[in-house]
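Heads up: the structure comes next, in structure tokens.
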Amino acid sequence: MQKKLRVLIAKPGLDGHDRGAKVVARALRDAGMEVIYTGIRQTPEAIVTAAIQEDVDVIGLSCLSGAHNVLFPKVSEGLKAKGKGDALLFGGGIIPAEDIAGLKAAGFAEIFLPGTDTGDVVKFINENLRR
């Protein structure tokens, strides 16, 4: 029996809008993945700690506040510092196109924008998970 993929969905920073994160979390759960949702207003350090404690394979961050260029890299750096740098990272939210390359350089394999079909997120994880 193959182990279920474990995915952490988190909302870093002061952004309180979580509908998109919940929609993605439900779609991943419906696709057979085990999903841990941290809730809103998480620090990068809390997200890293949760990812390690929950032994997740994938981490998805959602940000609509404009703080993605600070918060997303802090999570990536924290994961690498704690030996969890092999986790597949993706992000989503209100992210300007000109910021995507920098987020990918910081370790995010993909950035999903508003209107993305949740099936595309499922497909991305299934095709890109490093085991």
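The values are calculated or read from the model by the stated rules, or taken from the named source; none is laboratory data. Only a predicted model underlies this, so the values are computations on that prediction, with no experimental measurement involved. As a convention, Cβ positions derive from the backbone with ideal geometry for all residues, glycine included, and neighbour counts pool all protein chains shown.
Return the residues of the range 47-74 that are assigned to a loop (DSSP other than H, G, I, E, B) and over 18 Å from Met33 (Cα atoms); say none if nothing qualifies.
Within the range 47-74, Leu64, Ser65, Gly66, Ala67 qualify.
Taking the range 78-94 as the range and being under 18 Å from Val58 (Cβ atoms) and without any contact (Cβ under 8 Å) to a residue 40 or more places away in the chain as the test, the residues that pass are Gly78, Leu79, Lys80, Lys82, Gly83, Lys84, Gly85, Ala87, Leu89, Phe90, Gly91. Scanning the range 95-131 for residues that are among the hydrophobic types (A, V, I, L, M, F, W, C), in contact (Cβ under 8 Å) with a residue 24 or more places away in the chain and part of a loop (DSSP other than H, G, I, E, B) yields Ile95, Ala106, Phe108, Leu129. Here Leu14 meets the list (1) aliphatic (A, V, I, L, M); (2) surrounded by 15 or more Cβ atoms within 10 Å (Cβ to Cβ); (3) closer than 20 Å to Pro73 by Cα almost entirely, failing just condition (2). Out of (1) within 18 Å of Asp15 (Cα to Cα); (2) touching a strand residue (DSSP E or B) at 6+ places or on another chain (Cβ under 8 Å), what's the single condition that is false for Gly66? Condition not satisfied by Gly66: (2). For Gly16, the conditions (1) modelled with pLDDT of 95 or more; (2) farther than 24 Å from Asp120 by Cβ; (3) not aromatic (Phe, Trp, Tyr) are fulfilled apart from (1). Summed over the range 6-37, residues that are under 11 Å from the mean Cα position of the chain (by Cα) and either acidic (Asp, Glu) or part of a loop (DSSP other than H, G, I, E, B) (or both) total 1.
The residues on offer are Leu71, Leu129, Leu61, Leu89, and the sole one that is modelled with pLDDT under 95 and of a type in the set (A, V, I, L, M, F, W, C) is Leu129.
Looking at the range 75-94, can you tell me whether even one residue there is surrounded by fewer than 21 Cβ atoms within 10 Å (Cβ to Cβ), in a loop (DSSP other than H, G, I, E, B) and in contact with a His (Cβ under 9 Å, 6 or more places away or on another chain)? The answer is yes; a qualifying residue exists. Can you spot a residue in the range 95-103 that is under 14 Å from Thr43 (Cα atoms), surrounded by fewer than 21 Cβ atoms within 10 Å (Cβ to Cβ) and either β-branched (Val, Ile, Thr) or touching a His at 6+ places or on another chain (Cβ under 7 Å) (or both)? So far as the range 95-103 goes, no, none of its residues is under 14 Å from Thr43 (Cα atoms), surrounded by fewer than 21 Cβ atoms within 10 Å (Cβ to Cβ) and either β-branched (Val, Ile, Thr) or touching a His at 6+ places or on another chain (Cβ under 7 Å) (or both).
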